[in-house]
1. Got at least one residue in the stretch 126-135 being closer than 30 Å to ASP98 by Cβ, in a helix (DSSP H, G or I) and among the hydroxyl-bearing types (Ser, Thr, Tyr)?
2. Do you know which residues across the stretch 278-325 are among the aromatic types (Phe, Trp, Tyr) and outside any helix (DSSP H, G or I)?
3. For the stretch 420-427, state whether one or more residues are assigned by the TED database to the domain that holds ASN475, outside any helix (DSSP H, G or I) and either of a type outside the set (Gly, Ala, Ser) or open to solvent by 70 Å² or more (accessible area, probe 1.4 Å) (or both).
4. Answer yes or no: is there a residue in the stretch 326-348 that is of a type outside the set (A, V, I, L, M, F, W, C) and in contact (Cβ under 8 Å) with a residue 60 or more places away in the chain.
5. Are any residues in the stretch 1-23 open to solvent by 40 Å² or more (accessible area, probe 1.4 Å) and closer than 18 Å to ALA90 by Cβ, and if so, which ones?
6. Being acidic (Asp, Glu) and out of contact with any helix residue (DSSP H, G or I) (no Cβ under 7 Å at 6 or more places or on another chain) is the filter here, so list the residues in the stretch 490-513 that pass it.
7. Could you please tell me which pairs satisfy a Cβ distance under 6 Å, a separation of 6+ or placement on different chains, a first residue in the stretch 204-225 that is more than 15 Å from ASP247 (Cα to Cα), and a second residue that is open to solvent by 50 Å² or more (accessible area, probe 1.4 Å) and part of a helix (DSSP H, G or I)?
8. Where the second residue is surrounded by fewer than 21 Cβ atoms within 10 Å (Cβ to Cβ) and aromatic (Phe, Trp, Tyr) and the first is in the same structural domain as GLY325 (by the TED database) and lies in the stretch 349-366, which pairs have Cβ atoms under 7 Å and are six or more apart or on separate chains?
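The values are calculated or read from the model by the stated rules, or taken from the named source; none is laboratory data. All figures in this text were calculated on a predicted structure; none of them were measured in a lab. With ideal geometry, Cβ positions are generated from the backbone for all residues, glycine too; neighbour counts draw on all protein chains shown. Protein only, heavy atoms only, side chains kept; ligands, DNA and RNA dropped before computing areas. Shrake-Rupley method; radii C 1.70, N 1.55, O 1.52, S 1.80 Å.
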Amino acid sequence: KMLMLRIQLDEFTYTSVISACANSGLFRLGKQVHAYLLRTEAKPTPEFSLPVNNALVTLYWKCGKVNEARDIFNQMPERDLVSWNAILSAYVSAGLIDEAKSLFEAMRERNLLSWTVMISGLAQNGYGEEGLKLFSQMRLEGFKPCDYAFAGAITSCAGLGALENGRQLHAQLVHSGYDSSLSAGNALITMYARCGVVEAANCVFNTMPNVDSVSWNAMIAALGQHGNGARAIELYEQMLKEGILPDRITFLTVLSACNHAGLVKEGRRYFETMHGPYGIPPGEDHYARFIDLLCRAGKFSEAKDVIDSLPFKPSAPIWEALLAGCRIHGNIDLGIQAAEQLFQLMPHHAGTYVLLSNMYANLGRWDDAARVRKLMRDRGVKKEPGCSWIEVDNKVHVFLVDDTAHPEAQAVYKYLEQLVLEMRKLGYVPDTKFVLHDMESDQKEYALSTHSEKLAVAFGLMKLPGGATVRVLKNLRICGDCHNAFKFMSKVVGREIVVRDGKRFHHFRDGKCSCGDYW
């Protein structure tokens, strides 16, 4: 209308229109405005070009065109702090953290936004330790954190499982007057949940003055990860009653909650309501969760029907879900089919070789297991070593399998040996079927006793105050014998043991696990 009325367009007009396109994802229209601008503004003044170019950088990166955004940034005759923050946000949003770190180091001037963007980027891309260090550096340089900076630091603690550090940040957040912040509240829910204290996550959720769909999704996910599938579903139904519409993330969390609790009927119903009442087409990740739910319950025929009817070619997550279910139920024939598909799609992914080899070993087919491990070596694929860690007195102690490097390793083995004697009195017998190598029975029992999660839990029992919950994190799925051992261990010592593995949480209390042995 302004053009039709021949009203002169200035930098305020262009920045407003370009920002509207960026925020609405209207890339084609934004590009047309860019082209019109280039045609009509032959010699723009610096006062005109600087804000407009800043808006263009934001338009291109928000629409996924990071390289084009960088080209505009590079060609700018003048840049200010807004320009640098815009291109920094571009790299962070794209997950290009190495490039973002280089850019951040090159910035001559930084403001609170610069620090916050970088801290959040590190936290959300698996660089939690660096995120916390940067948060501390920011404060040393005289910047007072805002609620978004606190949220980034708290997210870093979530990834690291650094509960005590997260609690300290929570206290500082309240002291700084940001306890009503939505972003910080959502980060706290995730942090407490991922550090094994789901009750604290629930307390944060219930006391937040305002919640959004992210808050609901985070709390549903928290309950699901901790084996509280029924409570997760109740919370989802409550969300619907309060008029909050579910999004694709909501359905991922609900399907995961059903999966962890073995709620097949409920999971099937929620999956079907996605494209029915809510008009959300299931993505590859939703199908993978649903197939995983069916396979874990042993419903392979239905899972195969779903795979055969997929609206796209089955990709790696689909076959991984099928293979994982086959491992649980010992379905070797279907497992081989899934593994062959994964060998083609991801020939250098160690997990496929390990799962297939383990399936053969569980069946006593040692030659086949050895053949798969040889194929793995020949292709140069290396298995990620299992490790577990525990925080004691604000220090993280890491244990590997058969660990001798920890300074108190021998004391841990001795304590564990005495503990196992007490566990045997209650009926514990090491389950040697989880030793996936062909060796003598006594050697198998010894191999089980050196698993990293057992060493970390034993260390926690030795070092933490009496009655304190022992919280251990592990990078891989918990071993079946360790799972059984911790049930007996929790009864012997009269303490709660919480283990977070690569998939979920296990809370061991008085000889039982929160997963109900469905994992």
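1. Checked against the condition, which is being closer than 30 Å to ASP98 by Cβ, in a helix (DSSP H, G or I) and among the hydroxyl-bearing types (Ser, Thr, Tyr), the stretch 126-135 yields no hits at all.
2. TYR278, PHE312
3. Yes, the conditions are met somewhere in the stretch 420-427.
4. Scanning the stretch 326-348 turns up no residue that is of a type outside the set (A, V, I, L, M, F, W, C) and in contact (Cβ under 8 Å) with a residue 60 or more places away in the chain.
5. Result: SER19, ASN23.
6. ASP501
7. ASN210/LEU182; LEU223/ARG231
8. THR352/PHE343
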